[in-house]
Amino acid sequence: MKRRSTAWRTTNPEDDSIFQRQIDPGPNPEQQLHARQRQQKLLAVFHALPEQDRCCLHLRAEGLRYREIADALGVSLGSVAQSLARSLEKLQRVDGRL
């Protein structure tokens, strides 16, 4: 009859570091699916916005200031502010439901 060893194997710290390096830090498939669904819903809302709102959002995302957006689109500064506020509120409302 063979005798089983009762001694516990101690772990080598190097083994742990190899294990840690092999773990994928990226999102798991469920997180990837959720991110894709979120992106699709936000894009749908973006494309449903009036053209001026989409242009204002796009130019703001490019880094233009409100005054520069107003000049580029030929609208008032107040129109840019209202457009961005309205658009961001719609996007946030949909994003909150995701």
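No value in this document is a laboratory result; all are computed from the given coordinates. Computed from a predicted structure; not experimentally measured. Cβ: placed from backbone, ideal geometry, glycine included. Neighbour counts: every protein chain shown.
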Which three lengths, in whole Å and largest first, does segment 40-79 cover when its Cα atoms are put on their principal axes?
-> 30, 18, 13
Quick one: Karplus J couplings for segment 86-91, per residue in order, coefficients 6.51, -1.76, 1.60, θ = phi - 60°, nearest Hz, x for Gly and Pro?
-> 5, 5, 5, 5, 5, 5
Going by how many other beta carbons lie within 10 Å of each one, how would you line up R60, R97, R67, fewest first?
-> R97, R67, R60
With A48 itself left out, Lys, Arg at +1 and Asp, Glu at -1 over residues whose Cβ is under 10 Å from its Cβ give +1
Under a Cβ-Cβ cut-off of 12 Å, what is the net charge of the residues other than V94 that fall near it, where Lys and Arg count +1 and Asp and Glu count -1?
-> +3
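Under a Cβ-only charge scheme (Lys and Arg +1, Asp and Glu -1), can you give me the dipole magnitude of segment 50-98 about the Cα centre, in debye to the nearest 20?
Dipole magnitude for segment 50-98 comes out near 200 debye.
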Can you give the extra length, in nm with one decimal, that the chain gains between R67 and I23 once fully stretched, where that is 0.36 nm per residue apart less the Cα-Cα distance?
-> 11.1 nm
Taking only C-alpha pairs under 8 Å that are 6+ residues apart, what is the relative contact order of segment 50-98 in percent?
-> 38 percent
Sorting L57, A70, V94 by the position of each Cα along the dipole of segment 50-98 (Lys, Arg +1; Asp, Glu -1; all at Cβ), the one nearest the positive end of that ordering is V94
